[in-house]
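Before any comments, here is the structure.
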Amino acid sequence: MSPRPLRPLVLLALAAAFGASLAGCGNKLETRTLGETEGLYIDIGELKYQVQLSRILNPNDEEDRSYLAGLPAGTTPPTSSEAWFGVWMRVQNTTSEKTLTAADEFEIVDTQENSFKPVELEDNPFAYKPPRLGPKTVFPSENSPAGEGVIQGSLILFKVSTEALANRPLEFKIQSPAVQDEVGIIDLDV
């Protein structure tokens, strides 16, 4: 008995692969407002946001002390049940003609719905200050201390409870500056 020709099966597989590739075609790129991990760009309004890194900061570490510089007078250090936590972010304006304002409202929420707001930093070259981004620009600028650094993102500082660090994943929420109902969410790698 001779083996059956594979030609119909091969043609069927090729047709299925071609159809699947066409299904992904279209005129509009995917809009993503949820990021299951850091490193993915999410879209909020017409800007793209990317968490470069998030981690606990150690005030006794030389590098981390520079990130904590500029805490407002009277800011209390974390208690034994709290920690400084940094989120470094990039923002990109991919439009060709519009100048857009980046988000300035952020929040970290744990799985128990405990919420944490940023701590403002004054005169810190690594701190995130919401910019107006011209067309085809990225923040932080590659010529800034934050853009030249290893992380290449601007710091958003939080004081979080150590209990929250155990209630993972932590969600980093970015509020659209233009549309109140529009919130991007990124799961942070802790």
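The values are calculated or read from the model by the stated rules, or taken from the named source; none is laboratory data. The structure presented is a predicted model; accordingly, all values stated were derived computationally and were not measured. All Cβ positions, even for glycine, are placed from backbone atoms using ideal geometry, and neighbour counts span all protein chains on display.
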Within the range 39-77, considering residues that are assigned to a strand (DSSP E or B) and among the aromatic types (Phe, Trp, Tyr), the one surrounded by the most Cβ atoms within 10 Å (Cβ to Cβ): TYR49
Test for SER141: is it polar (S, T, N, Q) and within 22 Å of GLY39 (Cβ to Cβ): yes
Criterion violated by ASP123 - all others in (1) more than 20 Å from ALA178 (Cβ to Cβ); (2) surrounded by 15 or more Cβ atoms within 10 Å (Cβ to Cβ) satisfied: (2)
Neighbours by Cβ (under 7 Å, 6+ apart or cross-chain): first from the range 85-96, within 13 Å of PHE139 (Cβ to Cβ) and at pLDDT 95 or above; second surrounded by fewer than 17 Cβ atoms within 10 Å (Cβ to Cβ) and of a type in the set (A, V, I, L, M, F, W, C): ARG90/VAL138; GLN92/VAL138
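Assess whether LYS173 counts as being among the basic types (Lys, Arg) and loosely packed, with under 14 Cβ neighbours inside 10 Å. It would help to see each step written out before you state the result.
On the way: among the basic types (Lys, Arg): yes; loosely packed, with under 14 Cβ neighbours inside 10 Å: no.
For LYS173, the condition - among the basic types (Lys, Arg) and loosely packed, with under 14 Cβ neighbours inside 10 Å - is not met.
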Residues that are of a type outside the set (S, T, N, Q), in a strand (DSSP E or B) and surrounded by 18 or more Cβ atoms within 10 Å (Cβ to Cβ), drawn from the range 128-158: LEU133, PHE139, LEU155, ILE156, LEU157, PHE158
Sole exception among (1) modelled with pLDDT under 95; (2) more than 27 Å from THR79 (Cβ to Cβ) for ASN167, by number: (2)
Scan of the range 147-170 for residues that are more than 21 Å from SER81 (Cβ to Cβ) and either touching a residue at least 40 places away in the same chain (Cβ under 8 Å) or among the β-branched types (Val, Ile, Thr) (or both), ordered by number: VAL150, ILE151, GLN152, GLY153, SER154, LEU155, ILE156
Residue in the range 100-110 that is outside any strand (DSSP E or B), more than 15 Å from the chain's Cα centre (by Cα) and surrounded by fewer than 18 Cβ atoms within 10 Å (Cβ to Cβ) present: no
